[in-house]
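Written out below as structure tokens is the structure these notes cover.
The values are calculated or read from the model by the stated rules, or taken from the named source; none is laboratory data. From a predicted model like this one, the values you see are computed outputs, not experimental measurements. Glycine also receives a Cβ, built like all others from the backbone with ideal geometry; neighbour counts cover every protein chain displayed.
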Amino acid sequence: MNIIKSFNSTIDYLETVLDDEIDEKKVTRISGYSYSMFSRLFSILTEMTLSEYLRSRRLTEAAIILRDTDEKIIDVAFKFGYESSDSFGTAFKNFHGFTPSEVRIGKPFKLVSRVQLALSVRGGRSMNIRIQKKKAFTVAGVNQQNINSSICASLWQKLFSKVSHEEMLNLGTGEVVGVCHDILSLDNHDV
């Protein structure tokens with residue numbers, strides 16, 4: 001198994017147990033490295049420790065749950081391994097800059113996305129760039145707060161469940177374009 005595939009498979013597993021105990025033997029089996037060696041490899045490749053990453057991801061997921069559900073703060077704290085609402089609240093505020101209650105009512109929070117190892121070859125391609133001025137046009141879209149290109153197909157399905165392809169074509173010039181962008185806002189409301 002190559003290092004990229006085993007690394008990403010291990011991250012896939014870790015993402016499924018953010019709210020549970022990590023089985024170090026399973027990490028070893030999936031990654032092909034001892035847990036401590038995988039942790040060192042993770043640190044080298046990402047420039048953050050595995051424990052920092054897991055803590056950041058847990059606090060990100062906790063913030064999303066608090067924003068999107070009515071689940072009690074103490075239940076979210078327990079779900080992500082905190083023994084009290086005080087320890088959770090302190091860690092949460094230190095990380096996000098706002099308390100769990102403030103995030104619940106709409107304050108912004110940090111979003112730490114899932115790590116994914118990829119081989120990147122840069123440069124060597126030429127592009128002919130042309131800047132055009134266009135008239136105003138209508139945009140229909142779906143906003144998903146998850147940085148992972150593998151979800152693009154499900155986003156199109158989500159959009160087409162709300163607006164048919166024909167209805168979208170009738171919105172403007174009949175042109176459909178997919179766009180991905182960096183997060184500029186932490187709002188996660190469907191358009």
Criterion violated by ARG55 - all others in (1) at pLDDT below 95; (2) buried (at least 16 other Cβ atoms within 10 Å of the Cβ) satisfied: (1)
Residue match in segment 96-104 (condition: of a type outside the set (Ser, Thr, Tyr) and in contact (Cβ under 8 Å) with a residue 40 or more places away in the chain): yes
Matching residues in segment 1-15 - criterion: being at pLDDT below 95 and exposed (fewer than 14 other Cβ atoms within 10 Å of the Cβ): MET1, ASN2, ILE4, LYS5
Identity of the residue in segment 58-72, part of a helix (DSSP H, G or I) and of a type in the set (Asp, Glu), that ends up farthest from ASP20 (Cα to Cα): ASP68
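Taking the stated definitions as given, is ARG55 touching a helix residue (DSSP H, G or I) at 6+ places or on another chain (Cβ under 7 Å), under 18 Å from SER113 (Cα atoms) and assigned to a helix (DSSP H, G or I)?
Spelling it out, it is not the case that ARG55 is touching a helix residue (DSSP H, G or I) at 6+ places or on another chain (Cβ under 7 Å), under 18 Å from SER113 (Cα atoms) and assigned to a helix (DSSP H, G or I).
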Among (1) part of a loop (DSSP other than H, G, I, E, B); (2) on the phi < 0 side of the Ramachandran plot, the one test that ASP75 misses: (1)
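Here's the yes/no breakdown for (1) free of Cβ contacts under 8 Å to residues at least 60 places away in the same chain; (2) assigned to a helix (DSSP H, G or I); (3) out of contact with any Leu (no Cβ under 6 Å at 6 or more places or on another chain); (4) within 13 Å of VAL115 (Cα to Cα):
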site	(1), (2), (3), (4)
ILE4	no, yes, no, yes
ILE11	no, yes, yes, yes
LEU14	yes, yes, yes, yes
SER87	yes, yes, yes, no
